[in-house]
Amino acid sequence: MDNSSSRHPFLAGLSKHRGAPPTIVVIFGASGDLTARKLIPAIYNLACDNLLPSDFHLVGFGRSKVPDEEFRKLAEEAITQFSRRPYQEEIWKRVAERTFYEAGGYDEGEAFVRLRERIESIEKSLGNPVQSLFYVSTPPSVFRPILEGLGSSGLAKRHRGTDRASKVIIEKPFGRDLASAQELNRVVASVFEEKQVFRIDHYLGKETVQDLLVQRFANTIFEPIWNRRYVDCVQITVAEDLGVGTRGGYYEQSGAMRDMIQNHTMQLLALTAMEPPVSLDPESVRDEKVKVLKAIRPLDLSLEEGDVVRGQYAEGLIGGKKVPGYTQEQGVKEESTTETYTALRLKISNWRWEGVPFYLRSGKRMARRVSEIAIQFKRPPGHLFAESDLIQVSPNTLAFQIQPDEGSTVLLNSKIPGLETRVQPVKMHFRYKTTFGSNTPEAYERLVLDAMIGDGTLFIRGDETEASWKLVTPVHEWWNSLGIRGMETYAAGSWGPLAAERLLWKNKHQWRRP
Ligand code: BG6
């Protein structure tokens, strides 16, 4: 009996993944934080769902010397600590038996030759060609030598032209400005063909972000109103209540613009604003995203009337507890000019969106952790329900809650029961948890699996990342010239600096309080 319709949609939609060829995943940066928190748990959960390809092997690669047995132990601990599903020995054992570790320097040619020999010997023992998936999860300073090592050792070229061709996943940040992103793209292109390359943005792997495409294009009711005639503004929020924690050193080099805006929020914008793609194949979707990113006008960079606001958190209260300000965090300079909050007002110059501001904001230590995309529609003509104390007509709003409380909400105006005509905004909710249960896969599960079958739809193409850097690089240059001028502070636990409120008032808009 086919019970696919009663299964979780993730599993039902994944039948194609059962066709992934035998694969060896090699993680560069095997002792890193991301490997423990996300990658190993993702592989474990795929094993739980029986979604790993047959003959799956895992090889950790890193600078420190770690025996295979110890790497397996570390992986087991990572699963116990970070997996969404509890650790089950019999499931992990099957993967652990095929898990190894290779020590070497990222710029050590010999180490890549050893890695190739390891892969060849696994392949020989299986008697079948195996695809290699290289996951570059290291600090960006060694992206280049790793890519070059994969090139010079011949690993990048293995089985090219077949369904077992090598693939590479590259973690963020992909460059730190337009020039370095272009340079990195050149290195990537000298070693791999674009279809072998998977630039990751884990937001694209989130269930709700994928659902945005379904909601937009599998329903007819939205398309007629999804344009400048009906939409007043779009607000995209990616707010976190956490601070930088132990990542101060990394964050000092990054800031909110590079860490969140250039990638995650710009991707959310692209999916919201793009034209319907001709199909869901990777190139069609990414062509549309690039087109809309290119249609964004250069930002107005001025302090009073400009399109950009930055802020840094000062000490404040989170969940009733006092937390330190950014410059008191570990690894952060006292005189740091790194922004922990950015808000932008973007204008998209195309037929659909001319005149509709897109507001983006992202910050650490904000009032709550929430990511959402809100489409705010124009107000109805006021002659029937003139605003008064009794009648307050709110703009209709369609909000996609990316996380937490995944779902969507429509805000409508409704009559309050009674003999007087009184109007109140009401909400219509769809909640994932209520409809589908709460066991939603993590973004990395989806993305690792997609890369194994070679589906790049949820990954970023080289030209996309450059289009996005082209927009934000002038902002960094401007900020560098300003030093600390124009940097506002906001109390930890608040909704960001006042300047961000002013950014919207100019257009008679207001940030939502999601
Ligand atoms: C990462 C950033 O890309 O995304 C982090 O480097 C941030 O600073 C994280 O905390 C947020 O991801 P999520 O999935 O928890 O919203």
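Solvent-accessible area per residue in segment 179-257 equals 40 Å², computed with a 1.4 angstrom probe and all protein chains kept.
For the set K38/K206; K195/K291; K38/K470, the pairs lying more than 18 angstrom apart at their alpha carbons are K195/K291; K38/K470.
Taking each DSSP H run with n ≥ 4 as -39500 (n - 2.57) and averaging over every residue of the chain yields -9500 deg cm²/dmol at 222 nm. Over the Cα atoms of segment 30-86, the radius of gyration divided by the Kirkwood radius equals 0.96; this is the Rg/Rh ratio.
Just the protein heavy atoms count here, and of the accessible area of segment 277-356 at 1.4 Å, carbon and sulfur take up 53 percent.
Please report how far the C-alpha centroid of segment 264-287 lies from that of segment 213-231, rounded to the nearest whole angstrom. Result: 14 Å between the Cα centres. For segment 135-239, the share of accessible area belonging to carbon and sulfur comes to 55 percent (1.4 Å probe, ligands and nucleic acids excluded). Principal-axis analysis of the Cα atoms of the chain puts helix 178-191 at an angle of about 30° to the longest axis. Using the 1.4 Å probe convention, the accessible area of segment 387-514 works out to 49 Å² per residue with neighbouring protein chains retained.
Using the alpha-carbon atoms, what tilt in degrees (0 to 90, nearest 10) does helix 443-453 show relative to the longest principal axis of the chain? Between the helix axis and the principal axis of the chain, the angle is about 50 degrees. Using a probe radius of 1.4 angstrom, the carbon and sulfur fraction of the accessible surface of segment 402-454 is 54%. Under the convention that each Lys and Arg Cβ holds +1 and each Asp and Glu Cβ holds -1, the size of the dipole of the chain around its Cα centre is about 920 debye.
For segment 356-514, the dipole from Cβ point charges (+1 on Lys and Arg, -1 on Asp and Glu) about the Cα centre works out to 640 debye, to the nearest 20. On a straight-distance basis, which aspartates and glutamates could pair with K433 in a cross-link, Cα separation under 20 angstrom, same-chain partners fewer than 8 positions away excluded? Output for K433: D49, E207, D211, E372, D405, E406, E442, E445. Start at zero, step by 10 Å, and the Cα-Cα distances of segment 117-266 spread as 9, 28, 27, 23, 12, 2, 0 percent across the bins.
Convex hull volume of the Cα atoms of segment 95-149, normalised per residue: 96 Å³. Expressed as a rounded percentage, what relative contact order does the chain have, with Cα pairs under 8 Å and six or more residues apart? Relative contact order of the chain: 17 percent.
The angle separating the long axis of helix 68-82 from the principal Cα axis of greatest extent in the chain is about 20 degrees.
In segment 405-514, taking the dipole from charged Cβ atoms about the Cα centre, the farthest positive-side position among L458, T435, S414 is held by S414. When you work out D = kT/(6 pi eta Rh) for the chain at 37 °C and 0.692 mPa s, using the Kirkwood radius from C-alpha pairs as Rh and the Stokes-Einstein form, the result is 134 µm²/s.
DSSP beta bridges confined to the chain are antiparallel in about 55 percent of cases.
Straight-distance candidates among the lysines for linking to K321, with alpha-carbon spacing under 23 Å and chain neighbours fewer than 8 residues away dropped: K364. When the charge dipole of segment 280-380 is built from unit charges on Cβ atoms (+1 for Lys and Arg, -1 for Asp and Glu) and taken about the Cα centre, the candidate among P357, G311, Q328 whose Cα reaches farthest toward its positive end is P357.
Take 54-67, 113-126, 210-223, 168-181 and order them by the average number of nearby Cβ atoms within 10 Å per residue, most first; the result is 168-181, 54-67, 113-126, 210-223.
Accessible area per residue (1.4 Å probe, heavy atoms of protein chains only) ranks W505, W351, W479 as W351, W505, W479, with the largest value leading.
The values are calculated or read from the model by the stated rules, or taken from the named source; none is laboratory data. Keep in mind it's a predicted model, so treat the numbers as computed, not measured. In this analysis, Cβ positions are derived from the backbone assuming ideal geometry, glycine residues included, and neighbour counts consider all displayed protein chains. Note: areas computed on protein heavy atoms with side chains; ligands, DNA, RNA excluded. Shrake-Rupley method; radii C 1.70, N 1.55, O 1.52, S 1.80 Å.
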